[in-house]
Amino acid sequence: MEKEVHEQYEYARRRLRQKKVLYFHFVLFLIGSLFLFIANRFFGFGEGTTQNWCIWGITIWLFIFILHFIKVYITDRFMNKKWEREQIDRLVALQQKRISQLESKINDDTENKI
């Protein structure tokens, strides 16, 4: 029983750390986007270009943040250790079934030859 409690604690601690890093990424995204906008608009970085480079930078960063969000709140929620164990057990069961089928086929073939 203690092992299960420890696993639950470790899972909760890992999820909390993932969420904490995601929130930090969000705050960094907001501050960084504001900095890029101010640098472009008020300090004149990139005035020689015809395109608005800060919008491209913010858009790419937003896409990366969305991927991070999906990983934390969608992918890792469903594909955790329990899911891994279930998949491993399923694959092992399939392998055992296939091995037993092959063994029975070999036994049938040897009985037919004798």
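The values are calculated or read from the model by the stated rules, or taken from the named source; none is laboratory data. The shown structure was predicted, so the numbers you read here are calculated from the model rather than taken from an experiment. With ligands, DNA and RNA removed, areas are computed over all heavy atoms of the protein, side chains included. Shrake-Rupley method; radii C 1.70, N 1.55, O 1.52, S 1.80 Å.
Rank LYS81, LYS19, LYS97 by mean-square fluctuation in a GNM of the chain with C-alpha springs under 10 angstrom and give only the top-ranked residue. The residue with the greatest mean-square fluctuation here is LYS97. Ordered from highest to lowest accessible area with the whole protein assembly present and a 1.4 Å probe, ASP89, ASP109 read as ASP89, ASP109. Got a number for carbon plus sulfur as a percent of the chain's accessible area, 1.4 Å probe? Result for the chain: 66 percent of the exposed heavy-atom area is carbon or sulfur. Estimated from helices alone, the mean residue ellipticity of the chain at 222 nm is -29000 deg cm²/dmol (sum of -39500 (n - 2.57) over DSSP H runs with n ≥ 4, per residue). Calculated accessible area for the chain comes out at 88 Å² per residue, all protein chains present (probe 1.4 Å; ligands, DNA, RNA ignored). Straight-distance candidates among the lysines for linking to LYS105, with alpha-carbon spacing under 16 Å and chain neighbours fewer than 8 residues away dropped: LYS97, LYS113. Hydrophobic long helices, here whole DSSP H runs in the chain with Kyte-Doolittle means of at least 1.0 and Cα atoms spread over 27 Å or more along the helix axis, are not found.
Cα centroids of the range 39-114 and the range 1-30: 19 Å apart.
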